[in-house]
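Here the structure is laid out as structure tokens; the discussion comes afterwards.
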Amino acid sequence: MSDKKIYKVLVVGVGKRGKHHVIAFQNNPRFVVAGIADVNPEQLAKAASELGVSRSSVDVLGLAKEIRPDVFCFCTPPSDRLNLILAGIASGAKLLAYEKPMALSMNEAMEIRTAAQRAGVKTVVSHQHRYGQHYVKVKEIIDSRALGRIHTIHAHAGGWFLHLFTHLIDYMRWYNGNSPAEWVMAQAAGRGKLADNHPSPDYIGGFIQFANGVRGIIECGGGAPDVPEVDYWWRKNRICVYGTEGFAEVLTGGGWRAVTSKQIGVSSGPGCMNYDLDMAPYVEDMARWLDDGKCVHPSDGESAYHGFEITMAMLRSVVERGQIRLPLAAGEPEIAALRRVLPEKAVLLSSEVHSKEYPGGITMTPQMLETVGT
Ligand SMILES: NC(=O)c1ccc[n+]([C@@H]2O[C@H](COP(=O)([O-])OP(=O)(O)OC[C@H]3O[C@@H](n4cnc5c(N)ncnc54)[C@H](O)[C@@H]3O)[C@@H](O)[C@H]2O)c1
């Protein structure tokens, strides 16, 4: 029997993602789920019975103080990140694991980072797609240098900004060796998703100048290209890395593909985003980091912070216009500023496949091309 420490976990917010986390921790012998908490008593009772967890409460802080978890994990909607970070710190946990996006504004992200650093706790943000075999394969191709000098990375998703942008940027930064961003510039359209609990423009597209000279191009929402090779709408995401000797791309729901001049030729392989497969190594890496402080988790809070900074810089560019230099200082909360400036004009959709999720959006028809746009 292993003499390795078993880490106690409290999972807060047991909806879709909270349950994924509970199951992943339960399936890993290095963790024991000591309790679950949720502000919704019906949801809590249902999850406790489904997951076989005996200790549960609607009083998050009370349960956290009783359990004194090693890992304080929360999977709640994005509206309350800072308070839950502070609750996790107060519980005495060594590691706080939480869902993306890390905050709803740059000011909040800064407060989260400072609070965690002061308390000396580790933080992990759930950008777990990177564990997919197809994501890993593209990283291997990049590292093999088969693409030559990499100059451009283009990432896009039909899903809206605060759902998917931080995923895309996390993997773009990973594929680009985590080179820092120097500036970004962006534009946005459509107010429909500002009312969502992941408040977003309906479409945003922008550029990133990375310090190593690589150009990032990133788009999220109804104006982003379709990925017809993928059926499931939320997985119609693509990250393509271009170099002087070819390109390699990952499709979240459709494997990987590479075309290079020499080493690989034309090649492709399988892979599809899969919570069950991705969550196992994601939590295993938490045990590794808790065991050994040098084994920093690939989705650590510091990396999420840099991705979030690019995310919020995009919104600042929409509001202030022009290029935004990084790093960012505190400023006007970005979503509120966006609400102030975004015009009441419908988003123009790139494809009919986006019309269900953007019901106010306009799908272009051949007849429209003959009339003057407004
Ligand atoms: N990493 C991924 O691949 C991925 C996928 C989907 C969703 N997410 C993210 O996960 C988060 C949660 O999404 P979900 O789909 O699980 O939502 P959900 O609505 O299914 O579950 C959220 C749960 O949190 C509870 N809750 C809300 N506020 C709370 C609070 N202050 N304290 C305790 N419980 C609280 C709710 O009652 C609910 O049960 C979001 O931030 C979302 O962006 C991540």
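If we keep just the residues of the range 63-90 that are surrounded by 18 or more Cβ atoms within 10 Å (Cβ to Cβ) and over 30 Å from Ile335 (Cα atoms), which is farthest from the ligand (Cβ to nearest atom)?
So, considering only residues that are surrounded by 18 or more Cβ atoms within 10 Å (Cβ to Cβ) and over 30 Å from Ile335 (Cα atoms), the one farthest from the ligand (Cβ to nearest atom) is Asp70.
Counting only residues that are surrounded by fewer than 24 Cβ atoms within 10 Å (Cβ to Cβ), among the small types (Gly, Ala, Ser) and in contact with a Lys or Arg (Cβ under 8 Å, 6 or more places away or on another chain), how many does the range 134-180 have?
Total meeting the criteria: 2.
Would you be able to tell me the number of residues in the range 347-367 that are over 10 Å from Gly158 (Cβ atoms), aliphatic (A, V, I, L, M) and surrounded by 15 or more Cβ atoms within 10 Å (Cβ to Cβ)?
Here the count works out to 3.
Looking only at the range 319-332, count every residue that is surrounded by fewer than 22 Cβ atoms within 10 Å (Cβ to Cβ) and within 21 Å of Tyr203 (Cβ to Cβ) and tell me the total.
Within the range 319-332, the subset surrounded by fewer than 22 Cβ atoms within 10 Å (Cβ to Cβ) is 319-323, 325-332.
The next check asks that each one be within 21 Å of Tyr203 (Cβ to Cβ); those that pass are 319-323.
Count: 5.
What residue, among those in the range 33-62 that are within 28 Å of the chain's Cα centre (by Cα) and within 12 Å of Lys8 (Cβ to Cβ), is surrounded by the most Cβ atoms within 10 Å (Cβ to Cβ)?
Ranking the candidates gives Val33 first.
Condition first: surrounded by fewer than 20 Cβ atoms within 10 Å (Cβ to Cβ) and among the basic types (Lys, Arg). Now tell me which residues in the range 115-129 satisfy that.
Arg118
Give me the strands (runs of 3 or more DSSP E) completely within the range 89-172, filtered to those with at least 3 residues that are farther than 16 Å from Phe74 by Cα and in contact with a Gly (Cβ under 8 Å, 6 or more places away or on another chain), ordered by residue number. Write out each step before concluding.
Numbers: elements: 95-98, 122-125, 150-157.
Ranges flagged: 150-157.
Looking at the range 6-43 only, could you name the residues that are away from the ligand (no atom under 15 Å from the Cβ), in contact with a Ser or Thr (Cβ under 9 Å, 6 or more places away or on another chain) and not basic (Lys, Arg)?
Once the filter is applied, which keeps residues that are away from the ligand (no atom under 15 Å from the Cβ), in contact with a Ser or Thr (Cβ under 9 Å, 6 or more places away or on another chain) and not basic (Lys, Arg), the range 6-43 yields only Pro29.
Within the group Gly301, Gly307, Gly254, Gly271, which residue is of a type outside the set (Phe, Trp, Tyr) and surrounded by fewer than 23 Cβ atoms within 10 Å (Cβ to Cβ)? Walk me through it before giving the result.
Working: Gly301 fails: surrounded by fewer than 23 Cβ atoms within 10 Å (Cβ to Cβ); Gly307 fails: surrounded by fewer than 23 Cβ atoms within 10 Å (Cβ to Cβ); Gly254 fails: surrounded by fewer than 23 Cβ atoms within 10 Å (Cβ to Cβ).
Only one candidate qualifies: Gly271.
If we keep just the residues of the range 97-107 that are in contact (Cβ under 8 Å) with a residue 60 or more places away in the chain and within 14 Å of the ligand (Cβ to nearest atom), which is farthest from Leu290 (Cα to Cα)?
Among those that are in contact (Cβ under 8 Å) with a residue 60 or more places away in the chain and within 14 Å of the ligand (Cβ to nearest atom), it is Leu104.
Which residue, of Ser54, Ser49, is hydroxyl-bearing (Ser, Thr, Tyr), in a helix (DSSP H, G or I) and more than 10 Å from the ligand (Cβ to nearest atom)?
Checking each option against the conditions leaves just Ser49.
How do the strands (runs of 3 or more DSSP E) wholly within the range 206-273 filter down when requiring 1 or more residues that are over 20 Å from Lys356 (Cα atoms) and within 20 Å of the chain's Cα centre (by Cα): which remain?
Fully inside the range 206-273 and qualifying: 215-221, 237-243, 246-251, 256-260.
Please list, ordered by first then second residue, the pairs with beta carbon atoms under 6 Å, 6 or more apart or interchain, first in the range 11-34 and at pLDDT below 95, second assigned to a strand (DSSP E or B) and among the hydroxyl-bearing types (Ser, Thr, Tyr).
none
Arg316 versus (1) of a type in the set (Lys, Arg); (2) assigned to a loop (DSSP other than H, G, I, E, B); (3) surrounded by 12 or more Cβ atoms within 10 Å (Cβ to Cβ): which is the lone unmet condition?
(2)
The values are calculated or read from the model by the stated rules, or taken from the named source; none is laboratory data. Not measured: the values here are computed from a predicted model. Please note: Cβ atoms are built from the backbone with ideal geometry, for glycine as well, and neighbour counts cover all protein chains shown.
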